[in-house]
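Working notes for the structure below.
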Amino acid sequence: MAGTVTEPTARTVTTLADGRELIYYDSGAAVPRNAVDRRPLDPQAPASQCRLDPATGDWVTVAAHRQARTYQPPAEECPLCPSRDGRLSEIPADDYQVAVFENRFPSLAGAPAGVPGDASDDGLRTAGPGAGRCEVVCFTADHDASFADLDEPRARLVLDAWTDRTAALSALPGVRQVYCFENRGAEIGVTLAHPHGQIYAFPFTTPRTARMIAQATEHRAATGRNLFDDLVAAERADGDRVVVAGEHWTAFVPFAARWPYEVHLYPHRRVPDLTALDAAQRAEFPRLYLDVLRRFDRLFGGGRTPYISAWHQAPAGQRDELALHLELFTIRRTADKLKYLAGVESGMDAFVNDVTPEDAARRLREVAR
Ligand SMILES: [Zn+2]
């Protein structure tokens, strides 16, 4: 999508040996990216399916082919490090800043042959092809770094890459929602230690987003106002759960946080997705986000806190009410205890949180430095 990469970000598009797309993002002047993928790769033929649970209305993706994917390889076999010293990885170049490529083991792939739901027979077994796209976003060539170690220009480059991919993937036929996220830490189930995130382009609206839109629609009917506008204004006015606020973004622990430490980061001016952020919002985001990530790492004595960082973006055709925001949370509740999703959470979707959101916000304010 021309024009969505914010200057001075340069983008170089190439393909891997099996035809998957790889995109390099560079700050400033474009760096020549001529390296060719010399691995003997066979094209993958992923065959997943999206099925609708008739009891809940939630979509489930069934992707049985992913069982063979790379699982915690030794560092010298990392597929996300640059290709160096005769060792060939997913990144043919011998160095890079930010790189995005199509996942070799995608849950969703291919152009949709009809929107899921059209294949229904009796309304109880609604299914469709698992069409869409899964991408990997490498934040840095440095295997041992993490997002919190990036400097502001690099975090900004990642934001530009997320934005560019959101624009490109949203334009693919059949894509309903673009989801940029990061899982960090083996405790979360991360299979590759190299600092990276992922992007899913779903052929359906995800369950959590669908619920948020339903809530916002009800709020609109009851008040005439946008739910997220009211929510952000109320948290800013209250202040009790605010962790850090800038001129254009505020990070706060939600009133009904589900996780021991959970922070939501909203731009003050509501936008539906990353492509709609203005220059001032883009400029401020890296500092605020890095600040919150570093606080997470200070919570439990300086180790790397496992977390999930999830961008919520409006789906296609439902862009009026949902506000772009980032939800960051950790499953760690003390230095040596994890929060597991057991019977109450996994069985009933009813969370029990052992830390009050106000205490969590106070702790996160205390670990500012
Ligand atoms: Zn690596």
Hits in region 190-206 - residues which are within 16 Å of the ligand (Cβ to nearest atom), surrounded by 18 or more Cβ atoms within 10 Å (Cβ to Cβ) and part of a strand (DSSP E or B): 196, 197
Among residues of region 162-189, those that are of a type outside the set (Lys, Arg), assigned to a loop (DSSP other than H, G, I, E, B) and touching a Pro at 6+ places or on another chain (Cβ under 8 Å), counted: 4
Top-ranked residue of region 129-146 - restricted to ones that are of a type outside the set (Gly, Ala, Ser) and more than 14 Å from the ligand (Cβ to nearest atom), ranked as farthest from the chain's Cα centre (by Cα): 129
Any hit, region 65-74, residues being more than 24 Å from the chain's Cα centre (by Cα) and either in a strand (DSSP E or B) or within 16 Å of the ligand (Cβ to nearest atom) (or both): yes
Hits in region 169-189 (condition: of a type outside the set (D, E, K, R), surrounded by fewer than 23 Cβ atoms within 10 Å (Cβ to Cβ) and touching a residue at least 60 places away in the same chain (Cβ under 8 Å)): 170, 171, 172, 173, 174, 179, 181, 183, 185, 186, 188
Answer from 210, 237, 256, 221 - the residue that is of a type in the set (Gly, Ala, Ser), in a loop (DSSP other than H, G, I, E, B), more than 25 Å from residue 140 (Cα to Cα) and more than 16 Å from the ligand (Cβ to nearest atom): 256
Pair list, Cβ under 8 Å, 6 or more apart: region 342-366 residue farther than 14 Å from residue 251 by Cα, other residue assigned to a helix (DSSP H, G or I) and aliphatic (A, V, I, L, M): 350/344; 351/344; 352/344
Search result, residues across region 225-250 that are over 26 Å from residue 350 (Cβ atoms), surrounded by 14 or more Cβ atoms within 10 Å (Cβ to Cβ) and in contact (Cβ under 8 Å) with a residue 12 or more places away in the chain: 226, 229, 236, 242, 244, 246, 248, 249, 250
Which numbered condition residue 334 misses (of (1) out of contact with any strand residue (DSSP E or B) (no Cβ under 9 Å at 6 or more places or on another chain); (2) at pLDDT 95 or above): (2)
Failed condition for residue 146, given (1) surrounded by fewer than 23 Cβ atoms within 10 Å (Cβ to Cβ); (2) out of contact with any Pro (no Cβ under 8 Å at 6 or more places or on another chain); (3) polar (S, T, N, Q): (2)
Matching residues, region 20-61, being of a type in the set (Asp, Glu) and part of a loop (DSSP other than H, G, I, E, B): 37, 42, 53, 58
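The values are calculated or read from the model by the stated rules, or taken from the named source; none is laboratory data. Just so it is clear, the model here is predicted, and its values are computed rather than measured. When we count neighbours, we look across all protein chains shown, and the Cβ atoms used for this are built from the backbone with ideal geometry, even at glycine.
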